[in-house]
């Protein structure tokens, strides 16, 4: 990898939310939504947020290795569902160029994040992490028979403040509906 790309990944790793904002803003500015793109995109966003909630209910960061629920199928279900949400917004925008920029941005940002987090938690959980990582893929879900440990907890969902993320997704959907209404009125 070039040093420029490595520097970009490092910056994105330290500024994940800031790095995501320009891609979302570009999607919004270049959006040309239709009723169909809004409907399909919103449904995908809602499913993605449901997946994030499911994931949040199993992870007790750095205390226990999450291997139950969605963590049986991907080591990074929160990021997988973030990707799903982002694809939903790309569909809502109905602009392939903005969507392409957004998906490339998402890939750069989260690829670095997943590698960094794996390097951080591997020594914490040692052999348990190694066994899990050998069976469960880093990002794309795959059906595995990995033995699940843990159960869903609404207290963990609240601890991770997933309700704030859900409200942000709702606001994002409303912004795209607003763009549609604005363009429809003119």
### Query
How large, in Å, is the range 22-185 by the Kirkwood hydrodynamic radius built from its alpha-carbon pairs?
16.8
#### Entry: Relative contact order %, the chain, counting alpha carbon pairs below 8 Å whose residues are six or more apart
35
## Note on the structure
Longest principal axis of the chain (C-alpha) makes with the long axis of helix 77-93 (C-alpha) an angle, in degrees to the nearest 10, of 10
### Query
Quick one: 56, 184, fewest Cβ neighbours within 10 Å first, how do they rank?
184, 56
### Message
Connecting C-alpha atoms closer than 10 Å in a GNM of the chain, tell me which of 165, 62, 95 has the biggest fluctuation.
### Response
62
### Task
Give me the angle, in degrees from 0 to 90, between the Cα long axis of helix 3-14 and the longest principal axis of the Cα atoms of the chain, rounded to the nearest 10.
90
### Query
log₁₀ I(q)/I(0) of the range 104-145 at q = 0.30 Å⁻¹, via Debye over equal Cα point scatterers, no solvent, to two decimals?
-1.04
### Query
Would you list 180, 146, 5 from fewest to most Cβ contacts within 10 Å?
5, 146, 180
### Task
Would you mind ranking 86, 125 so that the residue whose beta carbon has the fewest other beta carbons within 10 Å leads the list?
125, 86
### Summary
Expected max-MSF residue from 47, 156, 171 in the GNM of the chain (alpha carbon, under 10 Å) is 171
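Every read-out reported here was derived from the displayed coordinates using simple, explicitly stated rules and does not represent laboratory data. Quantities reported herein were computed from a predicted structural model and do not represent experimental measurements. When we count neighbours, we look across all protein chains shown, and the Cβ atoms used for this are built from the backbone with ideal geometry, even at glycine.
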